[in-house]
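This report refers to the structure that appears directly beneath it.
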Amino acid sequence: MAALRDMAGESGTTLFALLSMPLNRSRNLSVSAQQVRGANAGDTNGFSNDFSSDVSTTLQRNLPIGEGYGYRLRADRAGTKEAALFLQNNRGTYSVEASENQGAMATRMGVSGGFAFLGGDAFSSRRIDGSFAVARIPDYPNVRVLTDNQPAGRTDAQGNALLPRLRAYDVNVVAIDQRDVPMDAKIGAVKVEVVPYYRSGMEVTFPITRAHGATLTVTLEDGSPLPVSATVTLAGSDAEFAVGFAGEVYLTGLASTNALRASWTDHRCSFDFNYQASADPLPDLGVYICKELKP
């Protein structure tokens, strides 16, 4: 993009030109030139022929909506140099700036952030100057949360993430990155639409829970595997589970102690087993013998 302006006033005429070129989605290179002709009452045209001009070049990377960094580098023909680095995470925005002009150095550092209180919890965040929300995914830390398909935060150790900069009285689509959710999760929804009031906060709880699942291998008393045609249930639950080849079964909703029941044609069998939750998303509980139940 290029721009050219000619401005005249009592002090003279200013000619300004700007060339801006995007390098990618976040970086931009721009070159600006300015030429000023000074005023002179003795000149028949009201202006002198004295010109002053300046050319400056700026390379800039914009801060992302979520976590990331940005920078700005600027230099002009007069010898002025400027550099700035910006960092941003879930808790704040930080900046370091330095400049040199005619041999004089100057530096500046800045920090900005905010605090929010919602649902009895306190959250530190980037600057909050509008509506916000707290996304809750209990027991699931380090899950990326997006607003309108843009990274906006990451859940903490308790599974909470504060999301600043929501649009008031408008539909904001809050979603999670499924790649950050373990395999043992039961996901009811990955997107939730929220409409906050102006400069207010709201809670967004995702219907995601632990599946408490595991695999095990079931054999009959004669050593043969449980038939594929068998129906497997857990005591106290209406859920039915399929039987795979070699008697393998994948179960969810396990408790610390469980009673498994299997039935096929005119046969029924059962056995009890224990389960202990762990970080393993798909534990293998081993081989169990299903003892036949008499009619």
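The values are calculated or read from the model by the stated rules, or taken from the named source; none is laboratory data. This is a predicted model, so every value here is computed, not measured. Quick reminder, even Gly has a Cβ in these numbers, built from the backbone with ideal geometry, and neighbours come from all protein chains shown.
Listed values, structure above:
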| read-out | value |
| --- | --- |
| Pairs, first under 15 Å from ARG27 (Cα atoms) in the stretch 73-89, second β-branched (Val, Ile, Thr) and exposed (fewer than 15 other Cβ atoms within 10 Å of the Cβ), C-beta under 6 Å, six or more apart | LEU85/VAL96 |
| Breaking point among (1) within 23 Å of GLY213 (Cβ to Cβ); (2) more than 10 Å from the chain's Cα centre (by Cα); (3) crowded, with 20+ Cβ neighbours inside 10 Å, for PRO138 | (3) |
| Criterion (in contact with a strand residue (DSSP E or B) (Cβ under 6 Å, 6 or more places away or on another chain), at pLDDT 90 or above, of a type outside the set (Gly, Ala, Ser) and not assigned by TED's automatic domain parsing to the domain that holds PHE271) met by exactly one of PRO196, PRO225 | PRO196 |
| Total residues in the stretch 80-128, condition assigned by TED's automatic domain parsing to the domain that holds THR57 and charged (D, E, K, R) | 6 |
| Criterion: on the phi < 0 side of the Ramachandran plot and free of Cβ contacts under 8 Å to residues at least 12 places away in the same chain - qualifying residue of PHE206, PHE241, PHE245 | PHE241 |
| Filter result (among the hydrophobic types (A, V, I, L, M, F, W, C) and either at pLDDT 80 or above or assigned to a loop (DSSP other than H, G, I, E, B) (or both)) within the stretch 19-71 | LEU19, MET21, LEU23, LEU29, VAL31, ALA33, ALA41, VAL55, LEU59, LEU63, ILE65 |
